[in-house]
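Participant: Handing you this structure, nothing more for now.
Computed from the coordinates by the stated procedures, all read-outs in this text should not be read as laboratory data. Because the structure is predicted, anything quoted here is derived from the model rather than measured. Virtual Cβ from ideal backbone geometry, glycine too; neighbours counted across all protein chains shown.
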Amino acid sequence: MKIPLSGSVAGFAGDIGAVLTRQNIWTNLNAGHQDEAGQVHERGSMSTVKSALAQKSGDLIHVRSGDMVVEALRQMRDNRVRAVLVIDDDVLVGIVTQGDCAIKVLLPGLDAKQTPVRQVMTGNPVTVTPDDRLEGCMAMMAARGFRHLPVLDAGKVVGVISIGDVVKDIIRDLEHNLGDLTGYIMRDGPGG
């Protein structure tokens, strides 16, 4: 199937008689790209959890299950996050979100200063590993209604990824693909 080009690029393409096919585009995007120095960079689909964690600060934000909910809320406010991990003796025991605090503390009229995190957290949360692909994380979050996934490496907590982290990775990937396509059309394409 041929993909006609439109807009100002169409005029350029029409001038040289170039028409791209889906296969040309797919091959170009998946084969990698060359930067200005001539280095070839391999192309993948989405990134791994490890690459998403590398884009974040190294701070692991957490509370203990015996801490009061008000401390979890302070951690969320001070670090501008919507969830904190619950870790006791270096072991992940749960995760607590702003929603947990609102629904399980505020609505029933409990006092956040006197309610322990263990009472409102989601215990034994689903986790991922640094080598997991973000596509799988995104599918799991969508299917199960999660917005945060703790990351364990050999049983040790190394971070947490959010749906926002996945979206940011998608945007980076799309921007990269756009650059590759523009380069292909302007420099490397048929007639270029």
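Participant: From zero outward in steps of 10 Å, how is the percent of C-alpha pairs of the range 127-167 spread across the bins?
Facilitator: It works out to 32, 58, 10, in whole percents.
Participant: Test of understanding: ordering CYS101, CYS137 by Cβ neighbours within 10 Å, fewest first, what list do you get?
Facilitator: Going from sparsest to densest Cβ surroundings: CYS101, CYS137.
Participant: Taking the Cβ of each residue in MET186, MET121 as the centre, tally the other Cβ atoms inside 10 Å and list the residues starting with the fewest.
Facilitator: Starting with the residue having the fewest Cβ neighbours, the order is MET186, MET121.
Participant: Okay, next question. Can you classify the range 68-192 as rounded, prolate or oblate using the Cα gyration tensor, where a ≥ b ≥ c are the square roots of its eigenvalues, rounded means a/c under 1.5, and otherwise it's prolate if a/b beats b/c and oblate if not?
Facilitator: In terms of gyration-tensor shape, prolate.
Participant: Give me the distance in nm between label points sitting 7 Å out from Cα along the Cα-to-Cβ direction at ILE103 and ALA54, one decimal.
Facilitator: 3.6
Participant: So what are the three principal axis dimensions of the range 72-126 from its Cα atoms, in whole Å, longest to shortest?
Facilitator: Result for the range 72-126: principal-axis Cα extents of 31, 22, 20 Å.
Participant: Over 23 Å between C-alpha atoms is what I'm after, so list which of LYS56/LYS156; LYS50/LYS156; LYS56/LYS113 land there.
Facilitator: LYS56/LYS113
Participant: Let me ask another. What is the fewest-to-most order of LEU178, LEU60, LEU73 by other Cβ atoms lying within 10 Å of their Cβ?
Facilitator: If I rank by nearby Cβ atoms, fewest first, I get LEU178, LEU60, LEU73.
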